[in-house]
1. Among residues other than GLY251 whose Cβ falls under 13 Å from its Cβ, what is the net charge (Lys/Arg +1, Asp/Glu -1)?
2. If you build the convex hull over the alpha carbons only and average its shadow over all orientations, what do you get for segment 346-431? Give it in nm² to one decimal.
3. What is segment 122-165 by shape, rounded, prolate or oblate, if you read a ≥ b ≥ c off the alpha carbon gyration tensor as root eigenvalues and call it rounded for a/c under 1.5, prolate for a/b larger than b/c, and oblate otherwise?
4. For ALA358, list long-range residues whose amide hydrogen, built 1.01 Å from N in the peptide plane, is under 5 Å from its own amide hydrogen.
5. Using a Debye calculation, one point per C-alpha and no hydration shell, please list log10 I(q)/I(0) for segment 276-375 at q = 0.11 Å⁻¹ in order.
6. Scale the Cα Rg of segment 189-332 by the rule-of-thumb value 2.2 N^0.38 Å and send over the ratio, two decimals.
7. If I take the Cα coordinates of segment 78-221 and project them onto the principal axes, what are the three extents in Å, biggest first?
8. How would you order 134-142, 260-268 from highest to lowest mean count of nearby Cβ atoms within 10 Å?
Amino acid sequence: MTLRTTATTAGSTGSAGRAGRTGRTGGAGRAGAAARAALVALAATAMAATALTVPAHAAPAPADTADATAAAAGHRATRRAMDAEVRHGIPGITAQARDAHGVWKAASGVGDRVAGTPRGTGDRFRVGSITKTFVATVLLQMEAEGSLGLDDTVEHHLPGLVRGNGNDGRRITVRQLLNHTSGLFDYLADEEYLTTYMLGDGYLRHRYDTLPPRKHVRVALSHAPLFDPGTRFSYSNTNYVLAALIIEKAGGRTYEAQVRDRIIEPLGLKATTNPGNSIHIPGPSSRAYSKLFAQDPDRIDDVTEMNGSQGWADGDIISSAGDLNRFYRALMRGELLAPRQLAAMKTTVEIPERPDMAYGLGLTRMRTSCGTTLWGHGGGMVGSTSLAVTTEDGAHQLAYNRNGDWSTPTAPDAIMEAEYCPAAPGSAPAPGSAPVPGSAPAVPR
């Protein structure tokens with residue numbers, strides 16, 4: 001069986017779809033179904049209006065007063081969509097947009113439910129699976145330099161690591177890791193891992209634990225593969241743990257050092273860091289909140305502190321809306337990748353559950369209800385959900401973060417739709433636009 005791929009060139013408007021929250025929890029099979037059921041149930045029972053509500057406050061920063069007025073007017077629908085989510089129970093949202101009028105910043109709700117402190121427009125937060133675009137960018141730079149090839153096998157770089165229960169690194173390529181066609185089980189869909197590290201008392205007991213990346217690989221390999229490599233798409237965080245291990249093996253330096261030297265420092269992303277095993281988010285930042293207990297939907301826990309190693313390479317990066325916009329703008333304008341590598345990144349595979357979306361190499365292609373094609377990624381950690389997108393020409397970016405990880409009655413992509421289709425903010429998702437595997441509402445990472 002051959003998986004259908006689509007190479008997208010500049011100006012393409014291929015069949016993409018709305019942005020869901022492309023989080024880190026994915027998987028298939030019985031364990032994956034159980035994991036998704038538990039998390040969807042958690043979302044379904046979430047109560048609205050649990051947080052203090054503060055009206056959105058905007059801080060446009062374009063070149064002059066005329067541009068400032070135009071920027072504020074152009075983002076009114078986005079501000080309304082942010083306020084609507086806060087009214088429905090998300091504690092706070094921070095957002096930034098960049099377009100022809102300049103930079104627009106806004107925040108709605110609170111950053112601290114106890115103190116009532118407003119959410120900040122410059123907040124740093126855990127970006128979750130948006131990390132995957134950083135990892136893919138580093139690997140593609142290394143491919144351009146000849147350090148590795150996209151069609152190298154995992155076995156070539158990590159001999160003997162991916163074996164057992166039908167898993168075989170000799171049959172899986174680097175490309176298949178990056179576009180989620182490896183067939184490897186998602187370690188976050190393992191029921192024991194989920195209950196130990198992601199939900200309820202398990203999370204509260206173990207959130208400070210340091211977890212080495214190979215533990216995540218071992219959890220995944222305790223399951224049989226979902227399908228033969230290259231025949232299907234299934235979102236698996238395991239893929240990016242292995243991708244980062246390949247970065248380290250092929251490059252002789254840590255994954256964190258490669259991201260810093262190749263992306264963070266050249267672009268001047270001063271709010272972007274890899275946390276290592278730190279439990280803290282550098283300031284300025286807000287608190288993060290989660291509904292960890294399905295049996296107690298009114299309970300909201302402060303989950304700001306957690307060991308960064310638990311999301312190593314598939315969801316660990318901390319950043320800001322402004323830095324994410326600068327990153328995706330530079331990426332799509334060819335400042336980080338040569339044309340051949342950028343074309344490879346934008347060569348997509350179909351997502352069966354989301355016919356309106358497609359996935360490249362660490363990059364999602366989607367289309368708004370008004371027909372605008374966007375590229376980017378979503379992500380979440382416990383207590384945090386984010387989205388960062390850009391038009392293909394890099395002319396218009398949006399990035400935002402919620403400091404609550406549960407769903408609300410508003411459409412999951414309402415803020416994005418309001419920014420790019422302001423005539424119809426908050427419109428309902430298109431029929432059949434169920435979440436991407438690994439991105440159900442209220443799903444961490």
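Please treat every number below as a calculation from the coordinates, not as lab data. Keep in mind the model is a prediction, meaning the values are calculated, not measured. So basically every Cβ, Gly included, is an ideal-geometry build from the backbone, and we count neighbours across all protein chains shown.
1. Details: positive: LYS249, ARG253, ARG260, ARG262; negative: GLU143, GLU145, GLU248, GLU256, ASP261.
Here the count lands on -1.
2. Working: hull surface 24.1 nm².
That works out to 6.0 nm².
3. Numbers: a/c = 4.14, a/b = 1.56, b/c = 2.66.
The shape class here is oblate.
4. Hits under the 5 Å cutoff: GLY17, ARG365.
5. For the requested q values the scattering log ratios are -0.56.
6. Details: Rg = 17.0 Å, N = 144, 2.2 N^0.38 = 14.5 Å.
After normalising by residue count via 2.2 N^0.38 Å, the value is 1.17.
7. So the extents along the principal axes, rounded to whole Å, are 52, 46, 23.
8. Details: 134-142: 24.7, 260-268: 15.4.
Going by the mean number of other Cβ atoms within 10 Å, highest first, we get 134-142, 260-268.
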